[in-house]
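The values are calculated or read from the model by the stated rules, or taken from the named source; none is laboratory data. It should be emphasised that the depicted structure is a prediction, and the values quoted were computed from it without experimental measurement. Methodologically, a virtual Cβ is constructed for each residue, glycine included, from the backbone with ideal geometry; neighbour enumeration extends over all protein chains shown. Keep in mind that these areas ignore ligands, DNA and RNA; they rest on the heavy atoms of the full protein, side chains included. Shrake-Rupley method; radii C 1.70, N 1.55, O 1.52, S 1.80 Å.
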Amino acid sequence: MKLENEYIALTVSEERGSWKLLDKRAKVVWESRLDRFGEVSIRTGETFKSVPLIPDYVTVEGSSIRLSFHDDRYGRLALNVTMKLKGASLEISYDGTGEVQIESLTLLDEGLRMSDKDSAYLLVPVRLGLMIPSDSGLEFKRRFGTFEYEGCHMEMLGAVKNGGAILVTWHDPYVIAEVKSLLGEGGQSLSVSLIMCKTARSIKIHALGVGDFNLIGQEYRKVAKEKGWLVTWDEKLRERPQARRLFGAVNFKLWTALARRIDEDLREVSVEVKWTFDEVARIAEHLKEDLKLEKVLFILGGWIRKGYDCQHPDILPAAPECGGNEGLKDCARRVQRCGYLFALHDNYQDMYRDSPSWDEGYIMKHPDGRLRKGGLWLGGRAFLTCSKRAIELARRPQNLPKVKELFNPDVYFIDTTYAVGLYECFDPDHPLTKWDDMHWKQVLSDYARDLFGLFGSECGREWAIPHADWFEGLTGVSGRYYHSLDPRSFGGTVVPIFEMVYRDGIVMHGKYGYKFEEAAEYVIHHVSIGRTLNYHSIGPHLYWENDRMEELPLPPKGEPDRACFTRAHNGWAEGMCLTDRFIKNTYEILSPLNEITSRMRLTYLRFLTKDKLVRETKFGEKVKVVVNGGEESYVLTSDLGGRVVLPPFGFLVESPSFVAFHALSWGKVEYERPVLFTLRSLEEKPLYRSDEVRIYHGFGDMRLSWRGDIIEVKGEIIR
Ligand SMILES: [Zn+2]
């Protein structure tokens, strides 16, 4: 059986139900499994039976092919699958009649096959996005559940084979993508399955023609817009113009002011005051006055009554050990007086048995009525609050309204809302499907956002874009790209597809602490995506009084220097502590870059070396970044810098009003060791004809080739 239009030719085997899709523009064929259409899982009492889907008959009706299936072994099962061509896309959907209960149905069954002989890869939207090549020589199988933790953060998958790109989309949280790589005699075979449960009934395959991940990102953006999830700053700023203050702001988090550890049996194990509220304010003042940081999103955790995580949702008064309500009020005022956005960290997902408000009625239930447990955190064993009831807790006068009245933070952060997967609740008083859970989490976000003005939560999902201003965790975790996922186990490379789709509508950072002296790769990753860093590993009290002062020894010449951004010899932050040197250097690179590009799309990514470690990104039309994640130097030619040599962890940022580089050669000067400089026009004019250019020198040789001269920059100058 065959369907055809100007973009696609689809053939379906009448005997087996297998199919082939020819993308005519790219001249690339995408195939299903050869022996069957798919598979259905049927529930019979307590067990599940798998039934392969091989059609009884296949018919063509207009622009659709219909496959009919039946099976009577476990009760009457009757199913129809429709494959419908519409322009360059093929929609595959199913409907079932009959008596058996369908647990799941695999609509795409080890499909979109790619081999190591193809030049091919899959693109999975896990966090920023992961490119999985078909010739890694690795065997693996992994499920990426829609909106799960390190699952699919967008409802899509991409694939590229021999120059042709394809995009698969769906719109339902009950879809699981399973990626499988097998090594056999015929070589490597990479495929993907889409397992549909409950309300999930259809997928779409878009044949995009000739292209790569850039085209996939562009095309998915259109789908995101249709769903209503692409809301850009142009729209958002109309309602909350203060969100502009997030552009260029670094994420500085004190974690956590009061740390009280409670064990599984609700016994207190330890109590530690890491910062009093006065110390918190003094740290903000230090960043402002000593480090001269202008744009900071200043976040405080562990300010609540019993310390972070303890006795949620009973948060007030502010921790007495740290200074109580009066102390936090004063702290908030002082942080805001620095011109910083002040954010408080809260949680409405976890509830603890020792909280005064503890009531099982708030807790999510398993199908058998058991309470749904959360993690074992500082506060002891958490139980998960049903999201439909969490909003009631947040709205209580003693919760968010009182926080607003007392401390008036600029931004509110409710932890885990966008991090954990969507849950179901089986409490008959407040049942939830995954769709309902998404809805109530959006309601909670909207409530906090309307009350405080700006709102953020952990990690981030596309369904949260219209309800939030800030995601913390999507760009990286603990100084790495992922939390538990290891890209190397897939031979994978991060491709920031989420940025390509949603960049110009959300602020994003990484989460958790990391060692500044080992963070060079994390830094250049953030340079390449134009995002500011998260600084979450801050020592207790006035951290600069107890921090390391001297620089780490330089590695042997030519070897990668993972501590490079903590250096300040001859530079601006010379004589300051390691934490401050790292913050200052990375702030000076990333804050202006992010400020300039926050409302731009990430329009283009290209790998400049075969190992994909040197990459170039473009924002809008005029901002270009090249970063070198390889172990050798990389040479390129630039408009302003001429021949530029990037050492390992080197980079070059070029835009009309801002230039930054970590390089061994720029302009007419060749350097013995890598240097860090940034140059910014302080006028509306571009750099090359600006009368006021601020030049910042991070470390290394102070000489800079500037407008035909060689000048010396000590710290910073304005020219
Ligand atoms: Zn519930």
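Would region 399-411 turn up any residue that is free of Cβ contacts under 8 Å to residues at least 40 places away in the same chain, away from the ligand (no atom under 11 Å from the Cβ) and among the acidic types (Asp, Glu)? Within region 399-411 (the criterion being free of Cβ contacts under 8 Å to residues at least 40 places away in the same chain, away from the ligand (no atom under 11 Å from the Cβ) and among the acidic types (Asp, Glu)), the answer is yes, since at least one residue qualifies.
Candidates in region 391-422 are the residues that are closer than 27 Å to residue 327 by Cα and among the acidic types (Asp, Glu); of these, the one that is farthest from the chain's Cα centre (by Cα) is 405. Mind listing whichever residues of region 361-383 are open to solvent by 10 Å² or more (accessible area, probe 1.4 Å), of a type outside the set (Phe, Trp, Tyr) and either touching a strand residue (DSSP E or B) at 6+ places or on another chain (Cβ under 7 Å) or modelled with pLDDT under 95 (or both)? Once the filter is applied, which keeps residues that are open to solvent by 10 Å² or more (accessible area, probe 1.4 Å), of a type outside the set (Phe, Trp, Tyr) and either touching a strand residue (DSSP E or B) at 6+ places or on another chain (Cβ under 7 Å) or modelled with pLDDT under 95 (or both), region 361-383 yields 365, 371, 372, 373, 374, 375, 376, 378, 381. When region 304-333 is filtered for residues that are open to solvent by 10 Å² or more (accessible area, probe 1.4 Å), among the small types (Gly, Ala, Ser) and not in a helix (DSSP H, G or I), only 323 remains. Tell me, yes or no, whether region 694-704 has at least one residue that is at pLDDT 95 or above and over 20 Å from residue 569 (Cβ atoms). Yes, that holds for at least one residue.
Condition test on residue 420, is it away from the ligand (no atom under 12 Å from the Cβ) and not in a loop (DSSP other than H, G, I, E, B)? Working first, answer last.
On the way: away from the ligand (no atom under 12 Å from the Cβ): yes; not in a loop (DSSP other than H, G, I, E, B): no.
No; evaluated as a whole, the condition is false for this residue.
Could you please find all residues in region 111-152 being open to solvent by less than 50 Å² (accessible area, probe 1.4 Å), under 27 Å from the mean Cα position of the chain (by Cα) and over 17 Å from residue 216 (Cβ atoms)? 136, 140, 145, 146, 147, 150, 151 - these are the residues of region 111-152 that are open to solvent by less than 50 Å² (accessible area, probe 1.4 Å), under 27 Å from the mean Cα position of the chain (by Cα) and over 17 Å from residue 216 (Cβ atoms). If only residues of region 513-539 that are polar (S, T, N, Q) and more than 12 Å from residue 593 (Cβ to Cβ) are counted, the one that is most open to solvent (accessible area, probe 1.4 Å) is 537.
Where strands (runs of 3 or more DSSP E) sit wholly within region 602-664, those with at least 3 residues that are open to solvent by less than 20 Å² (accessible area, probe 1.4 Å) and in contact (Cβ under 8 Å) with a residue 12 or more places away in the chain occupy 614-619, 623-628, 642-646, 651-654. Does residue 579 qualify as being touching a residue at least 12 places away in the same chain (Cβ under 8 Å) and of a type in the set (S, T, N, Q)? The answer is yes for residue 579.
Tell me, please, whether a residue that is away from the ligand (no atom under 16 Å from the Cβ) and outside any helix (DSSP H, G or I) can be found in region 361-374.
To start, the set of residues in region 361-374 that are away from the ligand (no atom under 16 Å from the Cβ) comprises none.
Looking for residues that are away from the ligand (no atom under 16 Å from the Cβ) and outside any helix (DSSP H, G or I), one finds none in region 361-374, hence no.
Scanning region 236-271 for residues that are out of contact with any strand residue (DSSP E or B) (no Cβ under 9 Å at 6 or more places or on another chain) and without any contact (Cβ under 8 Å) to a residue 40 or more places away in the chain, which turns out farthest from residue 593 (Cα to Cα)? Show your work before the answer.
Here is the first cut: in region 236-271, the residues out of contact with any strand residue (DSSP E or B) (no Cβ under 9 Å at 6 or more places or on another chain) are 236-239, 241, 244, 248.
Filter once more, so that each one left must be without any contact (Cβ under 8 Å) to a residue 40 or more places away in the chain: 237-239, 241, 244.
Numbers: 237: 20, 238: 23, 239: 25, 241: 20, 244: 14 Å.
Of everything passing the filter in region 236-271, 239 is farthest from residue 593 (Cα to Cα).
Does region 382-392 contain at least one residue that is farther than 30 Å from residue 171 by Cβ and either within 11 Å of the ligand (Cβ to nearest atom) or part of a loop (DSSP other than H, G, I, E, B) (or both)? No, there is no match, as no residue in region 382-392 is farther than 30 Å from residue 171 by Cβ and either within 11 Å of the ligand (Cβ to nearest atom) or part of a loop (DSSP other than H, G, I, E, B) (or both). Within region 589-597, can one find any residue that is in a strand (DSSP E or B), open to solvent by less than 10 Å² (accessible area, probe 1.4 Å) and farther than 23 Å from residue 551 by Cα? Among the residues of region 589-597, not one is in a strand (DSSP E or B), open to solvent by less than 10 Å² (accessible area, probe 1.4 Å) and farther than 23 Å from residue 551 by Cα, which makes the answer no. Does region 556-574 include one or more residues that are crowded, with 18+ Cβ neighbours inside 10 Å, in contact (Cβ under 8 Å) with a residue 60 or more places away in the chain and aliphatic (A, V, I, L, M)? Yes, there is a match, as at least one residue in region 556-574 is crowded, with 18+ Cβ neighbours inside 10 Å, in contact (Cβ under 8 Å) with a residue 60 or more places away in the chain and aliphatic (A, V, I, L, M).
Hey, which of the strands (runs of 3 or more DSSP E) in region 36-99, taking only ones fully inside, have at least 2 residues that are aliphatic (A, V, I, L, M) and over 20 Å from residue 195 (Cα atoms)?
Numbers: elements: 38-44, 47-53, 57-61, 64-71, 77-86, 89-98.
In region 36-99, 57-61 are the strands (runs of 3 or more DSSP E) which contain 2 or more residues that are aliphatic (A, V, I, L, M) and over 20 Å from residue 195 (Cα atoms).
Results for (1) in contact with a Pro (Cβ under 8 Å, 6 or more places away or on another chain); (2) modelled with pLDDT of 95 or more; (3) of a type in the set (Asp, Glu), shown as yes or no for each residue.
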| position | (1), (2), (3) |
| --- | --- |
| 536 | no, yes, no |
| 551 | no, yes, yes |
| 614 | no, yes, no |
| 634 | no, yes, no |
| 647 | yes, yes, no |
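Among 446, 437, 429, which is the only one that is in a helix (DSSP H, G or I), surrounded by fewer than 20 Cβ atoms within 10 Å (Cβ to Cβ) and of a type in the set (D, E, K, R)? On inspection, the qualifying residue turns out to be 446. Scanning region 334-360 for residues that are assigned to a helix (DSSP H, G or I) and either surrounded by 23 or more Cβ atoms within 10 Å (Cβ to Cβ) or of a type in the set (A, V, I, L, M) (or both) turns up just one, 335.
So that you can scan it fast, the table gives a plain yes or no per residue for (1) of a type in the set (Gly, Ala, Ser); (2) in contact (Cβ under 8 Å) with a residue 24 or more places away in the chain; (3) surrounded by fewer than 20 Cβ atoms within 10 Å (Cβ to Cβ):
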site: 11; (1), (2), (3): no, no, yes
site: 14; (1), (2), (3): no, yes, yes
site: 23; (1), (2), (3): no, yes, no
site: 26; (1), (2), (3): yes, yes, no
site: 35; (1), (2), (3): no, no, yes
site: 38; (1), (2), (3): yes, yes, no
site: 41; (1), (2), (3): yes, yes, yes
site: 46; (1), (2), (3): no, no, yes
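Being over 24 Å from residue 130 (Cα atoms) and either buried (at least 19 other Cβ atoms within 10 Å of the Cβ) or not assigned by TED's automatic domain parsing to the domain that holds residue 380 (or both): is that true of residue 267 here? Here the answer is no, as residue 267 does not meet what is asked. Checking each residue in region 125-168 for being closer than 21 Å to residue 602 by Cα and free of Cβ contacts under 8 Å to residues at least 60 places away in the same chain picks out 152, 157, 160, 167.
Kindly indicate whether residue 452 is farther than 26 Å from residue 501 by Cβ, of a type in the set (Phe, Trp, Tyr) and either at pLDDT below 95 or within 14 Å of the ligand (Cβ to nearest atom) (or both). Reasoning before the result, please.
Values: farther than 26 Å from residue 501 by Cβ: yes; of a type in the set (Phe, Trp, Tyr): yes; either at pLDDT below 95 or within 14 Å of the ligand (Cβ to nearest atom) (or both): no.
So residue 452 fails the test.
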